[in-house]
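Student: So that we are looking at the same thing, I have put the structure below in structure tokens.
Nothing in this text is a laboratory measurement; each read-out follows from the coordinates by a stated rule. None of these values were measured; they are calculated from a predicted model. Backbone-built Cβ (ideal geometry, glycine too); neighbour counts: all protein chains shown.
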Amino acid sequence: MKREELNKLVESTCDPAFAVDTDGLIASWNAGAENLFGKPSRDVIGSFCGEILKGADECGLVCSENCTVRQAVLKRHPVSNFDLKVETAAGEQWCNVSVLVGEDNGSTRPLAIYIVRPIDLRKRLELLVRDFVVTSTSVSPENAVAMITSTRAPAKDAELTHRELEILRMLSHGESSKVIGSKLHISRATVNNHVQHILRKLDAHTRLEAVRRAEHAGLI
């Protein structure tokens, strides 16, 4: 697909939509996006998308240079729709985001087309119900999220290996690298290497954050 065709495709929807290259830079920005985010295309084209969206989920900030969506797009893997709280012209709002992976004829690297639909009221009601279930019953926060949340976090598309998922489950039980290594019959250094891969794939900075993202995404 030529860049001109891509721009026409983005412009063809009334929903806010924009295209992002594999460096995370905005390549196209339609009128709907201008209205939602309050930023004209001339001010955002070439900007890092994370700086414009400032996206976060229930576990915290997700927009970064190593976001899970970019990881999936680079591998040309389909991305399921997800909910994201973004910075709009009216303030922070929850939106549902769909991502299409397209090809740019002028490059060997794919482009991601984002379609954004505001769902702020629905999402806030969803979170209120989740919190009520957690405080009023014995249901755990993770199970409450699984029962109530209509969509998962972007991390659900992270490609974790069987061993990485195994280690994540052990981390969720509070086990140390030494204990995990002993149970899996691998060295502590090998465990730590797996943990670093997990943090990168989930775009997390700490083990606790990785566990929370994995639980919220339904990975463990």
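Student: Relative contact order for the stretch 3-122 using alpha-carbon pairs under 8 Å, separation at least 6, rounded to a whole percent?
Tutor: Computed value for the stretch 3-122: 25 percent relative contact order.
Student: What ³J(HN,Hα) values, in whole Hz, does the Karplus curve 6.51 cos²θ - 1.76 cosθ + 1.60 give for the stretch 33-44 when θ = phi - 60°, with x put for Gly and Pro?
Tutor: 5, 4, 5, 5, 8, x, 10, x, 4, 4, 8, 10
Student: May I ask you to derive the relative contact order of the chain, considering only C-alpha pairs under 8 Å and at least 6 residues apart, and to give it as an integer percent?
Tutor: So the answer I get is 18 percent.
Student: If you don't mind, there's one more thing I want to ask. Taking loop as defined by DSSP and a crowding limit of 13 other beta carbons within 10 Å, which trypsin sites (Lys or Arg not before Pro) in the stretch 177-220 fit?
Tutor: none
Student: Show me, for the stretch 180-193, the HN-Hα J-couplings you get by feeding each phi into the Karplus relation (A = 6.51, B = -1.76, C = 1.60, θ = phi - 60°), rounded to Hz, glycine and proline as x.
Tutor: 4, x, 5, 6, 9, 6, 10, 6, 4, 4, 5, 4, 4, 5
Student: If exposed means no more than 12 neighbouring beta carbons inside 10 Å and the site is in a DSSP loop, what's the longest run of the chain without any exposed GluC sites (Glu not before Pro)?
Tutor: In the chain, the maximal stretch lacking such sites is 66-158.
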